[in-house]
Amino acid sequence: MADFPQSVLFCCDHNAVRSPMAEALMKKFYGQRAYVQSAGVRNDMEVDGFSVAVCKEVGVELARHRSRSFEEMQDWGDDLSQFDLIIALSPASQRMALELTRHCHLEIEYWPILDPTGLGESREHKLSAYRQARDQIRERMIARFGAPTEEPAAV
């Protein structure tokens, strides 16, 4: 387990499923120990309703999340070099993070988290896929940052 970073950016393709879940879980687990944000390669989707539902199951609020892209972050004055750690949850976001920070000295990790968006026929099968992604994020987070300060409700 590495040192606990002061600031973390989670990223994925659209900032609508995996990275918002990771941001919300990190804030719930570790409170104010780190500044936490999320972004996507693109911002062409709102936060996914299935992500909202499976986070709500564990007491994590996600409904108010507003998706944003790396480009919007920079337009709003957020400098990627301000983050101690960027965690990419998709191959495309890892490539983008590496490209945008090629002149910065900061740590980038890749966590291969399942993309649940195209999985499942029925609502219950879709929810199951989203739960699997949520739980993969939780497991990686605890392995990386240690036991949560505040554990979300049990499923």
With DNA, RNA and ligands ignored, accessible area of Thr149 (1.4 Å probe; Å², nearest 10): 100
Calculated Rg and Dmax of the stretch 87-155 using C-alpha coordinates, Å: 15.0, 46
Crossing angle, helix 18-30 versus the chain [Cα axis fit, 0-90 degrees, rounded to tens]: 90
Share of carbon and sulfur in the accessible heavy-atom surface of the chain [1.4 Å probe, %]: 48
Radius ratio Rg over Rh of the stretch 14-68, counting only Cα atoms, Kirkwood formula for Rh: 0.95
Solvent exposure, largest accessible area first (probe 1.4 Å, DNA, RNA and ligands not counted), of His65, His103: His103, His65
The chain, helix-only ellipticity at 222 nm - DSSP H runs n ≥ 4, -39,500 (n - 2.57), divided by all residues, nearest 500: -12000 deg cm²/dmol
Degrees, to the nearest 10: 91-100 long Cα axis against longest axis of the chain: 20
Residues of the stretch 80-155: accessible area per residue with a 1.4 Å probe, Å²: 55
Relative packing of peptides 49-59, 70-80 - highest average C-beta neighbours within 10 Å first: 49-59, 70-80
Three-way shape call for the stretch 44-144 based on the alpha-carbon gyration tensor, with the a/c threshold at 1.5: prolate
Label-point separation in nm, Arg64 to Ala143, each point 7 Å along Cα→Cβ: 3.3
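Roughly speaking, what is the stretch gain from Asp79 to Asp44, that is 0.36 nm per residue apart minus the C-alpha to C-alpha distance, in nm to one decimal?
10.5 nm
The values are calculated or read from the model by the stated rules, or taken from the named source; none is laboratory data. Everything numeric here is computed off the predicted structure, so don't read it as measured data. Cβ sites come from the backbone with ideal geometry, for glycine too, and all protein chains shown count toward neighbours. Ligands, DNA and RNA are stripped out before the accessible areas are found, and what is left, the full protein with its side chains, is counted by its heavy atoms. Shrake-Rupley method; radii C 1.70, N 1.55, O 1.52, S 1.80 Å.
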